[in-house]
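What follows is one structure encoded as structure tokens, with my remarks underneath.
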Amino acid sequence: MKSLSIKSFWKGILIASLTSTSGLALGQETDAREVIWLSGAERAALMSEMRLFLSTSQQILEATLAEDMTKVETLARPVGVKLMKDTPASLKDKLPAGFTQLGPQPQAHLGFENIADEASGLGDQTIILQQLADLQKSCVACHAQYQIKVRD
Ligand code: HEC
């Protein structure tokens with residue numbers, strides 16, 4: 001009896017791993033987003049920028065609701081045009097034009113810059129929430145279009 005339950009334990013593990021492997025394969029087959037090939041280090045740098053985008057968006061939302069416009073500007077400004085200019089040329093060369101030019105990347109950075117401008121200007125809460133909603137459309141649009149794979 002005991003050995004039977006151990007057997008079924010291993011059977012369970014086998015089934016679980018087979019299911020998750022085929023799930024992964026299925027995910028790759030259906031992921032039709034354009035692939036951007038980067039080195040491991042480039043991917044890490046870009047993903048760290050992405051996590052900064054997410055945490056900044058969340059903090060801007062919170063600071064806007066708290067009507068702390070000084071904080072909104074302090075959060076948004078460094079992620080705006082300044083950060084866009086800091087993207088290394090070697091990485092820019094590997095990113096498709098749709099990503100970097102008129103596409104979602106400048107829109108995202110300009111979106112943060114607009115929020116910083118509004119916060120340091122009139123600081124209208126509703127306008128900033130609208131700007132944040134518009135900015136997040138560029139996140140959604142780009143994520144729907146591109147995926148990153150590593151090739152060192
Ligand atoms: C110009 C394109 C583009 C824009 C704009 C963009 N992203 Fe991304 N983001 C990507 C790509 C590509 C990935 C990797 C997706 C993949 O490989 O499946 C990614 C991944 C991420 C990740 C995962 C990070 C990790 O550590 O794995 C987060 C979080 C993220 N983006 C947040 C955001 C937020 C928030 C915004 C908007 C403020 C945003 N992104 C705007 C292209 C973009």
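Expressed in Å, the radius of gyration and Dmax of the Cα atoms of segment 33-150 are 14.6, 44. Of the residues Q58, V150, S138, the one whose Cα sits farthest toward the positive end of the charge dipole of segment 33-150, with +1 on the Cβ of Lys and Arg and -1 on the Cβ of Asp and Glu, is V150.
Computed from point charges on the beta carbon alone (+1 for Lys and Arg, -1 for Asp and Glu), the dipole magnitude for segment 33-150 about its Cα centre is near 620 Debye. Using modelled amide H (1.01 Å from N, peptide plane; none on Pro or chain starts), what sits under 5 Å from the amide H of I148, excluding residues fewer than 5 places away? Close amide H contacts, sequence-distant or interchain: I36.
No value in this document is a laboratory result; all are computed from the given coordinates. As the structure is a prediction and not an experimental result, all values here were calculated from the model. So basically every Cβ, Gly included, is an ideal-geometry build from the backbone, and we count neighbours across all protein chains shown.
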